[in-house]
1. Against the condition over 23 Å from Pro162 (Cβ atoms) and not hydroxyl-bearing (Ser, Thr, Tyr), how does Arg216 come out, does it pass?
2. Return only the number of the condition from (1) modelled with pLDDT under 95; (2) closer than 30 Å to Gln80 by Cβ that Ile140 does not satisfy.
3. I need the full set of residues from the range 207-245 which are open to solvent by 50 Å² or more (accessible area, probe 1.4 Å) and either under 20 Å from Val148 (Cα atoms) or outside any loop (DSSP other than H, G, I, E, B) (or both), in order please.
4. Filter the range 63-96 for residues that are open to solvent by less than 20 Å² (accessible area, probe 1.4 Å), over 17 Å from Gly137 (Cβ atoms) and assigned to a strand (DSSP E or B) and give the result.
5. So is Val142 touching a helix residue (DSSP H, G or I) at 6+ places or on another chain (Cβ under 6 Å) and either surrounded by 20 or more Cβ atoms within 10 Å (Cβ to Cβ) or not in a loop (DSSP other than H, G, I, E, B) (or both) or not?
6. Using beta carbons and a limit of 6 Å, which pairs, at least six apart or on different chains, have the first residue in the range 237-255 and over 18 Å from Glu159 (Cβ atoms) and of a type in the set (Gly, Ala, Ser) and the second one assigned to a loop (DSSP other than H, G, I, E, B) and open to solvent by less than 50 Å² (accessible area, probe 1.4 Å)?
7. Please verify whether Thr165 is within 15 Å of Arg241 (Cβ to Cβ), open to solvent by 40 Å² or more (accessible area, probe 1.4 Å), touching a residue at least 12 places away in the same chain (Cβ under 8 Å) and polar (S, T, N, Q), treating the condition exactly as stated.
8. Let me spell it out: the conditions are (1) touching a Cys at 6+ places or on another chain (Cβ under 8 Å); (2) assigned to a strand (DSSP E or B); (3) touching a residue at least 40 places away in the same chain (Cβ under 8 Å), and Val181 meets all of them except one. Which number is the exception?
Amino acid sequence: MQMRNWLVSTVLGFSLVGGAGCAPAPEQELPTPAPTPEATRPEPQPQQEQEDEGRTVTAMAVSTITWADMERTTTRYLAQCVTGYYNHFCSQCAYDGIYYSEYISSGCTSPSDTQHMCYTCDKQVVPYTARVELPDGDIINVTIEHGVTASDGVEFRLESGPDVTWWKQVTIIGGGETWRVWNQDGSSWCDWPYPSTNNCNTNSQWASIVTSPGTRFVFSKAKGIFATHEDKYALYGLSERLTGGDRVTFRWVQD
């Protein structure tokens, strides 16, 4: 039985997300300590091409990822202003790393220059938690809702953040079937892009297929000056997180 009957048309709603700044001056991110080496990822699959409903998608350098890869975080550090701006000696800005950017943009000719000053604030270094990027620099958020659809099916949805406009696609492959959702420039489709499927961002598959070992989600995106469509990531082990009645939403927030 085909799953087209489960297509759900939903208009994507995007909201601008703003970050709170540090008054009275912007935050400065400091270099992150090198992470502990992780286990070597599987070798990239050989290059291959597949027909994507009239478009060619090139599968080159596809990285196998896990659910944990999509949620991994790291600790980074920010230098926040705790005072207003005032003049510092050139030597202070030159030799203290958190002021070095201000030293470079100042009129100081050397650390020993006493004729000029470095205009900056007193700063405090604070840690914050940041997401670890996927191998091609992407960040894809994952949300799973339980018991929201038919108990013998699993829905999957694709959204993109306000700063992500290039073509993106999520495909589920398994049981001899392929179903997909893609979007671009604020519009989305879940079938061949006729007007009736515009703004459809949700598709589905039988739960028995989703939980089979070989079933996977493939994440694809446009790359390069010619916006070539390329498969980038393959996510296996769907049964680790998904079961009948679930809806999984992938939100592509950085590319």
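The values are calculated or read from the model by the stated rules, or taken from the named source; none is laboratory data. Predicted model, so just to flag it, every value in this text is computed and none were measured. As a convention, Cβ positions derive from the backbone with ideal geometry for all residues, glycine included, and neighbour counts pool all protein chains shown. Side chains are part of the model used for accessible areas, which takes the heavy atoms of the whole protein and leaves out ligands, DNA and RNA. Shrake-Rupley method; radii C 1.70, N 1.55, O 1.52, S 1.80 Å.
1. Considered against the rule, which asks whether it is over 23 Å from Pro162 (Cβ atoms) and not hydroxyl-bearing (Ser, Thr, Tyr), Arg216 comes out as yes.
2. Every listed condition holds for Ile140 apart from (1).
3. Matches in the range 207-245: Ser208, Thr211, Arg216, Lys223, Thr228, Ser239, Glu240, Arg241, Thr243.
4. If the condition is that a residue be open to solvent by less than 20 Å² (accessible area, probe 1.4 Å), over 17 Å from Gly137 (Cβ atoms) and assigned to a strand (DSSP E or B), then Ala79, Cys81, His88 are the ones that fit.
5. Values: touching a helix residue (DSSP H, G or I) at 6+ places or on another chain (Cβ under 6 Å): yes; either surrounded by 20 or more Cβ atoms within 10 Å (Cβ to Cβ) or not in a loop (DSSP other than H, G, I, E, B) (or both): yes.
Criteria met by Val142.
6. Short answer, once both residue conditions are applied: Gly245/Thr149.
7. Numbers: within 15 Å of Arg241 (Cβ to Cβ): no; open to solvent by 40 Å² or more (accessible area, probe 1.4 Å): yes; touching a residue at least 12 places away in the same chain (Cβ under 8 Å): yes; polar (S, T, N, Q): yes.
Taking the combined requirement at face value, the residue does not satisfy it.
8. It fails just one condition, (3).
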